Amino acid sequence: MNGTSTESIARRLPHAVLLRWLEDVGQVFLLVGSVLSEIPAALRKPPLLFQQMVAIGVDSMPLAVIVALFTGAVAAVQASYQFRDYVPMIYLGTVIGKSVVIELGPVLTALVVGGRVGASIAAELGTMRVTEQVDAMETMGISPVRYLVAPRFLAAALMLPVLTVFADVVAIFGGFLVATMSLDVSSHTFASGLRLYFHIRDVFSGLLKALFFGLIIATMGCHYGLKSEGGAEGVGIATTRAVVASCLLILIVDYLLASFLFRVLFA
Amino acid sequence: MPEISLQFRDVWKRLGLKDVLRGVELTVARGESVVIIGRSGTGKSVLLKHVVGLMRPDRGSVTVEGVEVASLDDDDLLSMRQQMGMLFQGGALFDSMTVGENVGLALREHTPLPEVQIDHVVQEKLALVGLEGNKDLRPASLSGGMKKRAALARALALNPKIMLYDEPTTGLDPITADVINRLIRRLQQRLGITSIAVTHDMRSAYHIADRIAMLHEGRIHAIGTPQEIQSTGDPAVRQFIEGSSEGPLLPT
């Protein structure tokens, strides 16, 4: 008992925390490196990839669509409140279109899908780890990175942009519904505003962000899942860490990508 | 001198703050069945994991068919593992697949066999362990003994030269345990498979072993035929095989 408590205090000391954090970062880079080398092999197994595309993409669609619908609706309400008396309502469509496509669509989709998919990947792989299924797979000469990680990695990178396209459309539609039905904005005004200052590069930058977010979600889920230990409690911890790390990284990477895209590339 | 299949030379392994293995020396001849006994937490499973390269020794070497496991890169390790089968303690069946898919997985991954032939091998391996007709069940709907047998069929799919068993009879009723013991013995005698089993079930050990080795304090403390072990005067071995709480081994 004494040993355990000393050990748990030792684990919380700043240098121990820093070391574990650095270890985590190193392991994530190693994992990504080995996943990249296994991608060609993973592409030769379409069933595994399709299975994950369904689990990560298709099954997340209802959630992403509902979130998007209300995001657009709220954006319309808030924007019209801010505009009142100062900004002409023609800009309502512009502001909703831009904010959804650049920011709200990709980021909110990634956050909710990150919660759903990140948790499910971490819990599934974590359970496989603690019940020795991952060891069994390795013992059978099958690489867990090729068989488990690479399909999830690819599927998330492909499906997050797809989900984002749907989310963008639905969110704008949500904004349109609120604007036309309760804010006295005509559909013509809304549509003209939407077309105003519309740049296709905004859409692409949003989808590029979504691709990175997909990679983050799959990588965190797989990383924490595969290193979970110690039964049900360990799987629980791994799941929490995967979701927390995904959400934090999504927001951090969002800032970095936004800075790069809009202040360097498109500046 | 029979050919050596497997050799541990001065193997040391530290896990966390504890030296689990402290200079293990063990040689297993081809076709031989060695059972490693020892208390829970003495590193028996750790020893097995060194054979398949799931763990690497901190010091010393583990050689399988003359090749040092730790020296292999990932690809060579994966191909070496195809010559081995391992039965995990809880079976470790993939619960997202049916029993048949579990057994056929290694064949699908490593052989160019057509689906019809894979199906044939799957049926054959399932029949070998007495599970014919259960191909389409999910692992969740199997009993403990059936899971172990299904896992055994899966481990045998590629006709391994070496079989490793991690607590093959733990948690099974005595009758199912006997079925598993007979299976292990039959596989070794009929197919000449080298086998290493880790257990603390002495009935099982006497049944399947050519030699029994006791792992104690990180080393092979004693080794001998089942008769030699049964008649030994070593107090630690005696205490363990008699299952007594009094003696040099302290309760943990």
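A short reminder: the numbers here are calculations on the coordinates, not readings from a lab. Worth saying up front: this structure is predicted, and the values here are computed from it rather than measured. Every residue, glycine among them, receives a Cβ derived from its backbone with ideal geometry; neighbour counts consider all protein chains shown.
Please report, in debye to the nearest 20, how large the charge dipole of the range B:93-159 is about its Cα centre when each Lys and Arg carries +1 at its beta carbon and each Asp and Glu carries -1 there.
Values: 8 positive and 8 negative charges, 62 e Å.
Here the range B:93-159 has a charge dipole of around 300 debye.
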Seminar exercise, completed: The helix B:174-191 Cα axis meets the longest alpha-carbon principal axis of chain B at an angle in degrees, between 0 and 90 and rounded to 10, of 80
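Ignore the peptide's own chain and count Cβ atoms of other chains within 10 Å of each Cβ in B:154-162; give me the average, rounded.
On the way: counts 2, 3, 0, 1, 2, 0, 0, 0, 0.
Counting other chains' Cβ atoms within 10 Å and averaging over B:154-162 gives 1.
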Exercise. For the range A:30-125, what does the equivalent ellipsoid look like in terms of its semi-axes, each the square root of 5 times an eigenvalue of the Cα gyration tensor, given largest first in whole Å?
Worked result: 38, 14, 12
Exercise. Build a GNM of chain A with springs between Cα atoms under 10 Å: which of A:THR127, A:THR139, A:THR71 gets the top mean-square fluctuation?
Worked result: A:THR139
For this session: Name the residue farthest towards the positive end of the dipole of the range B:93-159 from the options B:GLY133, B:THR111, B:GLY144, assuming +1 on Cβ of Lys and Arg, -1 on Cβ of Asp and Glu, about the Cα centre.
Result: B:GLY144
Problem set entry | Cα-based reach from B:LYS148 at 16 Å (exclusive), listing lysines while leaving out same-chain residues under 8 positions away | B:LYS125, B:LYS135
Seminar exercise, completed: Listed by chain and number, the residues whose amide H is under 5 Å from that of B:ARG59, excluding neighbours fewer than 5 places away on the same chain and using placed H, are B:TRP12
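Any idea what diffusion coefficient chain B gets from Stokes-Einstein, in µm²/s, Kirkwood Rh on alpha carbon pairs, 4 °C, 1.567 mPa s?
Approximately 69 µm²/s, per Stokes-Einstein.
Other chains' Cβ within 10 Å of B:71-78 residues: what's the mean? Please list the in-between numbers first.
Values: counts 0, 0, 0, 5, 2, 0, 3, 7.
Mean shielding count: 2.
Give the average, rounded to an integer, of partner chain Cβ atoms located within 10 angstrom of each Cβ in B:87-99. Working shown, then result.
On the way: counts 2, 6, 2, 5, 4, 9, 4, 8, 5, 4, 0, 0, 0.
Rounded to a whole number, the mean comes out at 4.
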Problem set entry | the range B:1-49 versus the range A:161-226: alpha-carbon centroid distance in Å | 58
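What are the DSSP H helices in chain A that stretch 30 Å or more along their long axis, judged by alpha-carbon atoms, and whose average Kyte-Doolittle hydropathy comes to at least 1.6?
Counting only whole DSSP H runs, the qualifying helices are A:150-182.
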Problem set entry | Under 5 Å, built H, 5+ apart or other chain: amide partners of B:MET163 | B:GLY85, B:THR194, B:SER195, B:ILE196
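Once you have the Kirkwood Rh of chain A from its Cα pairs, apply Stokes-Einstein at 25 °C and 0.890 mPa s and quote D in µm²/s.
Numbers: Rh = 20.2 Å.
D = 121 µm²/s.
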Exercise. When the C-alpha atoms of the protein assembly as shown are aligned to their principal axes, what extent does each axis show, in angstrom, from largest down?
Worked result: 99, 58, 39
Problem set entry | Within a Gaussian network of chain B (alpha carbon springs, distance under 10 Å), most fluctuating of B:VAL34, B:VAL121, B:VAL51 | B:VAL121
Exercise. When all C-alpha to C-alpha distances in the range B:13-78 are sorted into bins of 5 Å, what percent of pairs does each bin hold, rounded to whole numbers?
Worked result: 3, 15, 26, 26, 18, 9, 2, 0
Seminar exercise, completed: Rounded to whole angstrom, the alpha-carbon centroid of the range B:146-161 lies from that of the range B:64-102 at a distance of 11
Exercise. Which cross-chain or sequence-distant (5 or more) residues have an amide H under 5 Å from the amide H of B:HIS216, H modelled 1.01 Å from N in plane?
Worked result: B:HIS221
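Can you give the alpha-carbon Rg of the range B:192-236 over 2.2 N^0.38 Å, where N counts its residues?
Details: Rg = 10.7 Å, N = 45, 2.2 N^0.38 = 9.3 Å.
Here the Cα radius of gyration is 1.14 times the empirical estimate.
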